[in-house]
1. Scan Ser370, Ser335 and give me the residue that is more than 20 Å from Ala122 (Cβ to Cβ) and surrounded by 19 or more Cβ atoms within 10 Å (Cβ to Cβ).
2. For segment 179-202, give me each residue that is crowded, with 17+ Cβ neighbours inside 10 Å and more than 20 Å from Pro362 (Cα to Cα).
3. Among (1) more than 17 Å from Ile20 (Cβ to Cβ); (2) at pLDDT 75 or above; (3) surrounded by fewer than 19 Cβ atoms within 10 Å (Cβ to Cβ); (4) not charged (D, E, K, R), there is one condition Gln45 misses while meeting the rest; what is its number?
4. What do you reckon, is Asp183 out of contact with any strand residue (DSSP E or B) (no Cβ under 6 Å at 6 or more places or on another chain) and within 20 Å of Glu309 (Cβ to Cβ)?
5. For Asp242, state whether it is out of contact with any helix residue (DSSP H, G or I) (no Cβ under 9 Å at 6 or more places or on another chain) and in contact (Cβ under 8 Å) with a residue 12 or more places away in the chain.
6. Thr217 - would you say it is modelled with pLDDT under 95 and within 22 Å of the chain's Cα centre (by Cα)?
7. Which ones in segment 246-258 are more than 24 Å from Ile337 (Cα to Cα) and either more than 22 Å from the chain's Cα centre (by Cα) or modelled with pLDDT of 90 or more (or both)?
Amino acid sequence: MIKIITVIGARPQIIKASAISRAIRQNYKEAIKEIIIHTGQHYDQNMSEVFFEELQIPKPDYNLNVGSGNHGHQTAQMIKGIEDILVKEQPDCIILYGDTNSTLAGAIAASKIHCPVVHIEAGLRSFNKTMPEEINRIICDHCSTLLFSPTQTGLNNLINEGFKIDNNAPFTADNPKIYHCGDIMFDNTLYFSKIASAKSEILQTNNLEEENYILATIHRDNNTDDSERLSAIFKAIMDIADSNKIDFVIPLHPRTSKLLDKNIDAEIYNRLLLNKRIKIIEPVSFLDMIQLEQHSRLIITDSGGVQKEAYFLRKPCVILRPQTEWIELVEHGSSIIADADYFRIINAVSDLFNKSDFAFPPIFGNGNASEFICNEIINTFTNN
């Protein structure tokens, strides 16, 4: 039996890990033993524990309880904790997701002791190295033995950086294997959207009319920590709500909640408190989020994961970032990059409201990425 260690730390990674854990439980429990390390990068009850319960992910075998902090301090604590566990458990490989500090720490800890790294969501690039995530994903890719890209663009990025598409086994960090496998989050959306429709009552609880509200999420530090950017975003949201007579629902991330009254213009903040069309609510469960997404008219977000979920559920999306690693969404016309620019946000919503010829080609696979990844892990590490 192959032993793998899965590292998670942030909410999106917990959700992504559920796809692989579910595939192992349903199809590979005799072939793969999974050990889960939760770094504790996100430790809020609503942002972490509820996801383990709702998505039926096995409880972590280890929790490093690192918590928030400066990048260097947080990552250093994770490296030490992960390395100690790798030495103790001696896994066949370590699975890392995406581009968080937990990803970076896992890649460094594993590569230093020659534990093979499997990177899921490999090859994504924003081409903006001022973003910490860009550094994290590049370093992880170049430490990895198996690299699973959700899109053809991601695979092309790896090839452009010198990875070879035709390497032969045995695979190592010096002789890695790269794949275009589809997106495990598409697997999850297909699986959980039906469950969400049956179980979630989030629309009724918040008096939301299907297809007649906009869902917004704001959590990135370059938006929440910058008063000018955060004020521009919320001014645009209120003006869109008022001019279109449409409700907004905003599940407020803990980071945004802590900074909202400090980092938003006082006049805009007071107006926000009085605006009955803006429904600011607590962070929601994954099932509730899927329900909010699939019944919205449009989504506004600075989240990479929510951008994709909008596409999976065939919803137009305004991206509150200067770039996106999911460039296909923009190329196919379903998403518009507006950054935190008031006028660009206003115009993007107007353009998407007036557009009817949306196309959502199947660029993220067929919903079986998790099984593909598990099979390749088994093929690579059996009898290694």
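1. Answer to the selection: Ser335.
2. Ala196, Ser200, Ile202
3. Of the numbered conditions (1) more than 17 Å from Ile20 (Cβ to Cβ); (2) at pLDDT 75 or above; (3) surrounded by fewer than 19 Cβ atoms within 10 Å (Cβ to Cβ); (4) not charged (D, E, K, R), the odd one out for Gln45 is (2).
4. Against the criterion (out of contact with any strand residue (DSSP E or B) (no Cβ under 6 Å at 6 or more places or on another chain) and within 20 Å of Glu309 (Cβ to Cβ)), Asp183 qualifies.
5. Answer is yes for this residue.
6. no
7. none
Yes or no, residue by residue, for (1) among the hydroxyl-bearing types (Ser, Thr, Tyr); (2) at pLDDT below 95:
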{"residue": "Leu287", "(1), (2)": "no, yes"}
{"residue": "Thr324", "(1), (2)": "yes, yes"}
{"residue": "Ala338", "(1), (2)": "no, no"}
{"residue": "Ile346", "(1), (2)": "no, no"}
{"residue": "Ser356", "(1), (2)": "yes, yes"}
{"residue": "Ile373", "(1), (2)": "no, no"}
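The values are calculated or read from the model by the stated rules, or taken from the named source; none is laboratory data. This is a predicted model, so every value here is computed, not measured. When we count neighbours, we look across all protein chains shown, and the Cβ atoms used for this are built from the backbone with ideal geometry, even at glycine.
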